[in-house]
Amino acid sequence: MSTRPELQQLRFPGESADYRSARAALLAEEMALRRQIESVAARRRALPPGGELKQDYRFVGVDGPVHVSELFASGKDTLAIYSFMYGPERKRPCPGCTHFLDGIDGQVRHIDQRLNFVVVAKRPLADLLAFAKERGWRGLHLLSTDGNGYDSDYFGDSSALSPQMRRQQDFKDGEEWDMPMLNVFHRSDGLIRHTWGSEMLYVPSEPGQDYRHNDMLDPMWNLFDVMPEGRGDFQPRLSYA
(Lines give C-alpha, C1' and ligand atoms only; values in the text may rest on other atoms or scores of the structure.)
Protein backbone atom coordinates (compact mmCIF):
# COMPACT_ATOMS: atom_id res chain seq x y z
CA MET A 1 0.00 0.00 0.00
CA SER A 2 1.47 3.34 -1.07
CA THR A 3 2.20 5.90 1.63
CA ARG A 4 2.93 8.64 -0.89
CA PRO A 5 0.97 11.79 0.06
CA GLU A 6 -1.71 13.08 -2.26
CA LEU A 7 -0.29 15.44 -4.88
CA GLN A 8 -1.01 19.02 -3.94
CA GLN A 9 -1.97 21.38 -6.75
CA LEU A 10 -2.36 25.08 -7.34
CA ARG A 11 -5.73 26.81 -7.50
CA PHE A 12 -6.04 29.85 -9.73
CA PRO A 13 -8.56 32.65 -9.17
CA GLY A 14 -12.00 31.89 -10.61
CA GLU A 15 -11.23 28.44 -11.95
CA SER A 16 -14.10 25.94 -12.13
CA ALA A 17 -14.19 22.40 -10.80
CA ASP A 18 -14.25 21.14 -14.39
CA TYR A 19 -11.11 23.11 -15.16
CA ARG A 20 -9.27 21.76 -12.09
CA SER A 21 -10.29 18.19 -12.85
CA ALA A 22 -9.08 18.43 -16.45
CA ARG A 23 -5.93 20.27 -15.41
CA ALA A 24 -5.15 17.61 -12.80
CA ALA A 25 -5.43 14.90 -15.44
CA LEU A 26 -3.20 16.90 -17.77
CA LEU A 27 -0.67 17.48 -14.98
CA ALA A 28 -0.37 13.71 -14.55
CA GLU A 29 0.37 13.41 -18.27
CA GLU A 30 2.91 16.24 -18.09
CA MET A 31 4.67 14.42 -15.26
CA ALA A 32 4.68 11.23 -17.31
CA LEU A 33 6.07 13.18 -20.27
CA ARG A 34 8.82 14.58 -18.04
CA ARG A 35 9.79 11.03 -17.09
CA GLN A 36 9.68 9.96 -20.74
CA ILE A 37 11.86 12.89 -21.83
CA GLU A 38 14.50 11.97 -19.27
CA SER A 39 14.23 8.28 -20.17
CA VAL A 40 14.86 9.06 -23.84
CA ALA A 41 17.70 11.42 -22.93
CA ALA A 42 19.31 8.69 -20.81
CA ARG A 43 19.05 6.22 -23.70
CA ARG A 44 20.56 8.83 -26.02
CA ARG A 45 23.49 9.29 -23.66
CA ALA A 46 23.91 5.52 -23.38
CA LEU A 47 24.17 4.82 -27.12
CA PRO A 48 27.16 2.66 -28.08
CA PRO A 49 30.11 4.53 -29.60
CA GLY A 50 29.30 5.75 -33.09
CA GLY A 51 31.50 5.68 -36.15
CA GLU A 52 34.88 7.37 -36.17
CA LEU A 53 34.91 10.78 -37.88
CA LYS A 54 35.28 10.06 -41.58
CA GLN A 55 37.95 12.70 -42.07
CA ASP A 56 39.34 15.73 -40.28
CA TYR A 57 37.31 18.18 -42.36
CA ARG A 58 38.76 21.61 -43.06
CA PHE A 59 36.46 24.58 -42.51
CA VAL A 60 37.13 28.32 -42.76
CA GLY A 61 36.45 30.64 -39.82
CA VAL A 62 37.24 34.20 -38.86
CA ASP A 63 40.78 33.17 -37.88
CA GLY A 64 41.39 31.20 -41.07
CA PRO A 65 41.28 27.48 -41.86
CA VAL A 66 40.35 25.16 -39.00
CA HIS A 67 39.94 21.38 -38.85
CA VAL A 68 37.31 19.51 -36.86
CA SER A 69 39.99 18.24 -34.48
CA GLU A 70 40.86 21.87 -33.66
CA LEU A 71 37.28 22.72 -32.65
CA PHE A 72 37.59 20.90 -29.32
CA ALA A 73 38.55 23.36 -26.61
CA SER A 74 40.59 22.17 -23.65
CA GLY A 75 38.40 20.37 -21.13
CA LYS A 76 35.43 20.04 -23.51
CA ASP A 77 35.30 16.74 -25.37
CA THR A 78 31.92 17.10 -27.10
CA LEU A 79 31.31 19.05 -30.30
CA ALA A 80 27.93 19.86 -31.84
CA ILE A 81 27.80 20.99 -35.48
CA TYR A 82 24.63 22.55 -36.86
CA SER A 83 24.28 22.65 -40.64
CA PHE A 84 22.74 26.02 -41.52
CA MET A 85 20.58 26.04 -44.66
CA TYR A 86 22.32 28.81 -46.57
CA GLY A 87 23.71 26.84 -49.47
CA PRO A 88 24.48 27.99 -52.99
CA GLU A 89 20.95 27.20 -54.19
CA ARG A 90 19.54 29.91 -51.89
CA LYS A 91 19.53 33.67 -52.38
CA ARG A 92 18.62 34.12 -48.71
CA PRO A 93 19.01 31.79 -45.73
CA CYS A 94 16.31 29.43 -44.51
CA PRO A 95 13.90 31.35 -42.21
CA GLY A 96 13.45 28.28 -39.99
CA CYS A 97 17.19 27.91 -39.41
CA THR A 98 17.47 31.66 -38.89
CA HIS A 99 14.85 31.85 -36.14
CA PHE A 100 16.49 28.87 -34.43
CA LEU A 101 19.92 30.50 -34.56
CA ASP A 102 18.48 33.84 -33.41
CA GLY A 103 17.60 32.05 -30.18
CA ILE A 104 20.82 30.05 -29.87
CA ASP A 105 22.93 33.19 -30.38
CA GLY A 106 21.63 34.59 -27.11
CA GLN A 107 22.60 31.41 -25.27
CA VAL A 108 26.06 30.82 -26.71
CA ARG A 109 27.83 32.44 -23.75
CA HIS A 110 26.25 29.73 -21.59
CA ILE A 111 26.57 26.89 -24.10
CA ASP A 112 30.29 27.62 -24.47
CA GLN A 113 30.87 26.76 -20.84
CA ARG A 114 30.10 23.10 -21.43
CA LEU A 115 29.94 22.37 -25.15
CA ASN A 116 31.83 23.16 -28.34
CA PHE A 117 29.09 24.41 -30.68
CA VAL A 118 29.61 25.62 -34.25
CA VAL A 119 27.38 26.47 -37.19
CA VAL A 120 28.50 25.50 -40.70
CA ALA A 121 27.11 26.44 -44.09
CA LYS A 122 28.00 25.78 -47.70
CA ARG A 123 28.62 29.46 -48.26
CA PRO A 124 31.64 31.78 -48.40
CA LEU A 125 32.52 33.02 -44.93
CA ALA A 126 32.05 36.64 -45.99
CA ASP A 127 28.38 35.92 -46.76
CA LEU A 128 27.88 34.27 -43.36
CA LEU A 129 29.48 37.15 -41.50
CA ALA A 130 27.44 39.69 -43.44
CA PHE A 131 24.22 37.88 -42.54
CA ALA A 132 25.31 37.58 -38.91
CA LYS A 133 25.80 41.34 -38.82
CA GLU A 134 22.35 41.85 -40.37
CA ARG A 135 20.75 39.66 -37.69
CA GLY A 136 22.75 41.10 -34.84
CA TRP A 137 24.36 37.76 -34.00
CA ARG A 138 27.27 38.28 -31.66
CA GLY A 139 28.14 34.87 -30.23
CA LEU A 140 27.64 32.16 -32.85
CA HIS A 141 30.77 30.43 -34.13
CA LEU A 142 30.21 30.45 -37.90
CA LEU A 143 32.25 28.36 -40.33
CA SER A 144 32.20 27.94 -44.08
CA THR A 145 32.47 24.38 -45.31
CA ASP A 146 34.71 25.77 -48.07
CA GLY A 147 33.63 22.99 -50.42
CA ASN A 148 34.47 20.06 -48.13
CA GLY A 149 32.38 16.88 -47.95
CA TYR A 150 31.12 17.23 -44.39
CA ASP A 151 27.46 17.98 -45.20
CA SER A 152 27.30 15.17 -47.73
CA ASP A 153 28.84 12.65 -45.34
CA TYR A 154 26.76 13.67 -42.32
CA PHE A 155 23.48 14.49 -44.10
CA GLY A 156 23.60 18.25 -43.83
CA ASP A 157 22.53 18.10 -47.45
CA SER A 158 20.58 15.64 -49.57
CA SER A 159 23.36 14.54 -51.90
CA ALA A 160 24.07 11.17 -50.22
CA LEU A 161 20.49 10.09 -49.53
CA SER A 162 19.51 6.69 -50.88
CA PRO A 163 16.88 6.49 -53.64
CA GLN A 164 14.43 5.04 -51.10
CA MET A 165 15.06 7.94 -48.70
CA ARG A 166 14.66 10.48 -51.49
CA ARG A 167 11.26 9.00 -52.33
CA GLN A 168 10.29 9.00 -48.66
CA GLN A 169 11.18 12.69 -48.39
CA ASP A 170 9.54 13.58 -51.73
CA PHE A 171 12.73 14.89 -53.32
CA LYS A 172 12.36 15.50 -57.04
CA ASP A 173 14.83 13.89 -59.43
CA GLY A 174 17.88 16.08 -59.79
CA GLU A 175 16.87 18.27 -56.84
CA GLU A 176 19.40 18.77 -54.05
CA TRP A 177 19.03 20.79 -50.87
CA ASP A 178 21.05 21.67 -47.82
CA MET A 179 19.36 20.37 -44.68
CA PRO A 180 19.22 21.57 -41.03
CA MET A 181 21.06 18.63 -39.48
CA LEU A 182 22.56 18.71 -36.00
CA ASN A 183 25.38 16.26 -35.40
CA VAL A 184 27.21 15.56 -32.15
CA PHE A 185 30.76 14.23 -31.91
CA HIS A 186 32.79 13.10 -28.91
CA ARG A 187 36.56 12.94 -28.46
CA SER A 188 38.01 10.13 -26.37
CA ASP A 189 41.38 8.36 -26.31
CA GLY A 190 42.55 10.35 -29.30
CA LEU A 191 39.56 9.39 -31.47
CA ILE A 192 36.63 11.54 -32.58
CA ARG A 193 33.39 9.61 -32.99
CA HIS A 194 29.92 10.55 -34.12
CA THR A 195 27.49 10.02 -31.24
CA TRP A 196 24.10 11.37 -32.39
CA GLY A 197 22.38 13.14 -35.26
CA SER A 198 18.93 14.71 -35.55
CA GLU A 199 17.64 11.88 -37.75
CA MET A 200 14.00 12.81 -37.09
CA LEU A 201 14.63 15.24 -39.95
CA TYR A 202 14.50 12.26 -42.30
CA VAL A 203 11.64 10.15 -40.92
CA PRO A 204 8.24 10.11 -42.69
CA SER A 205 6.06 13.08 -41.83
CA GLU A 206 2.96 12.53 -39.73
CA PRO A 207 -0.20 14.68 -39.60
CA GLY A 208 0.35 17.75 -37.46
CA GLN A 209 3.93 16.79 -36.62
CA ASP A 210 6.09 18.48 -39.26
CA TYR A 211 9.65 17.31 -38.57
CA ARG A 212 10.25 18.47 -34.96
CA HIS A 213 13.83 17.28 -35.26
CA ASN A 214 15.23 20.16 -33.19
CA ASP A 215 12.13 21.03 -31.16
CA MET A 216 13.70 20.02 -27.86
CA LEU A 217 16.29 22.76 -28.45
CA ASP A 218 13.88 25.41 -29.72
CA PRO A 219 12.12 27.59 -27.13
CA MET A 220 9.78 29.23 -29.65
CA TRP A 221 7.90 26.07 -30.59
CA ASN A 222 7.77 24.91 -26.98
CA LEU A 223 6.33 28.27 -25.94
CA PHE A 224 3.69 28.10 -28.69
CA ASP A 225 2.69 24.65 -27.42
CA VAL A 226 1.40 26.14 -24.14
CA MET A 227 -0.90 28.58 -26.00
CA PRO A 228 -4.59 27.71 -26.39
CA GLU A 229 -4.10 28.39 -30.11
CA GLY A 230 -1.09 26.07 -30.33
CA ARG A 231 1.38 26.40 -33.18
CA GLY A 232 -1.29 26.98 -35.78
CA ASP A 233 0.09 27.44 -39.28
CA PHE A 234 2.83 29.84 -38.19
CA GLN A 235 6.08 29.70 -40.14
CA PRO A 236 9.09 31.86 -39.25
CA ARG A 237 10.14 34.60 -41.66
CA LEU A 238 13.29 36.60 -42.07
CA SER A 239 11.30 39.77 -41.41
CA TYR A 240 7.78 40.76 -40.37
CA ALA A 241 5.61 43.71 -41.26
Quiz item: With axes computed from alpha carbons, what is the tilt in degrees of helix 17-45 against the longest principal axis of the chain, rounded to the nearest 10 within 0 to 90?
Solution: 30 degrees
Practice problem: Of the DSSP beta bridges with both residues in segment 52-202, give the percent that are antiparallel, rounding to the nearest 5. | Solution: 70 percent
Quiz prompt | More than 17 angstrom apart: percent of Cα pairs within segment 116-241 | solution = 70 percent
Exercise. Could you work out how far apart the two model spin labels at residue 115 and residue 62 are, taking each label as a point 7 Å from the Cα in the direction of the beta carbon, and quote it in nm?
Key: 2.1 nm
Quiz item: Dividing the Cα convex hull volume of segment 64-105 by residue count, how many Å³ per residue is that?
Solution: 118 Å³
Quiz prompt | Å³ per residue enclosed by the Cα convex hull of the chain | solution = 215 Å³
Quiz item: What list of ³J(HN,Hα) couplings, whole Hz, do you get for segment 7-13 from phi and the Karplus terms 6.51, -1.76, 1.60, once you set θ to phi - 60° and write x for glycine and proline?
Solution: 5, 8, 10, 6, 9, 9, x
Exercise. Run the quick spin-label model on residue 159 and residue 35: label points 7 Å from Cα toward the beta carbon, then report their separation in nm to one decimal.
Key: 4.7 nm
Quiz item: In nm, what is the difference between 0.36 nm times the number of residues separating residue 23 and residue 238 and their Cα-Cα distance?
Solution: 73.7 nm
Quiz item: Taking 0.36 nm per residue of separation and subtracting the Cα-Cα distance, what length does fully extending residue 223 through residue 193 add?
Solution: 7.4 nm
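Can you flag which of 54/133; 54/172; 54/76 are past 24 Å Cα-Cα?
Distance filter (> 24 Å) returns 54/133; 54/172.
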Quiz prompt | Qualifying trypsin sites (Lys or Arg not before Pro) for segment 71-115 [loop in DSSP, other Cβ within 10 Å: at most 14] | solution = 90, 91, 114
Practice problem: Send over a whole-number figure in Å² for the accessible area per residue of the chain, probe 1.4 Å. | Solution: 64 Å²
Quiz item: If you count, for each residue, the other Cβ atoms within 10 Å and average over each peptide, how do 120-131, 181-192 line up from highest to lowest?
Solution: 120-131, 181-192
Quiz item: Measuring from the lowest to the highest alpha carbon on each principal axis, how far does segment 190-236 reach, largest first, in angstroms?
Solution: 50, 23, 17
Quiz prompt | Amide H contacts under 5 Å for residue 196, placed H, 5+ residues apart | solution = 184
Practice problem: Pairs of Cα atoms under 8 Å, at least six residues apart: use those to get the relative contact order of the chain, whole percent. | Solution: 21 percent
Quiz item: Rounded to the nearest 500, what is the chain's calculated 222 nm mean residue ellipticity when only DSSP H runs of at least 4 contribute -39500 (n - 2.57) each, over all residues?
Solution: -8500 deg cm²/dmol
Quiz item: What percentage of the solvent-accessible surface of the chain, computed with a 1.4 Å probe over protein heavy atoms, is contributed by carbon and sulfur atoms?
Solution: 54 percent
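The values are calculated or read from the model by the stated rules, or taken from the named source; none is laboratory data. Every value quoted in this text rests on a predicted model; they were computed, and no experiment measured them. In this analysis, Cβ positions are derived from the backbone assuming ideal geometry, glycine residues included, and neighbour counts consider all displayed protein chains. These accessible areas exclude ligands, DNA and RNA; they are computed on the full protein's heavy atoms, side chains included. Shrake-Rupley method; radii C 1.70, N 1.55, O 1.52, S 1.80 Å.
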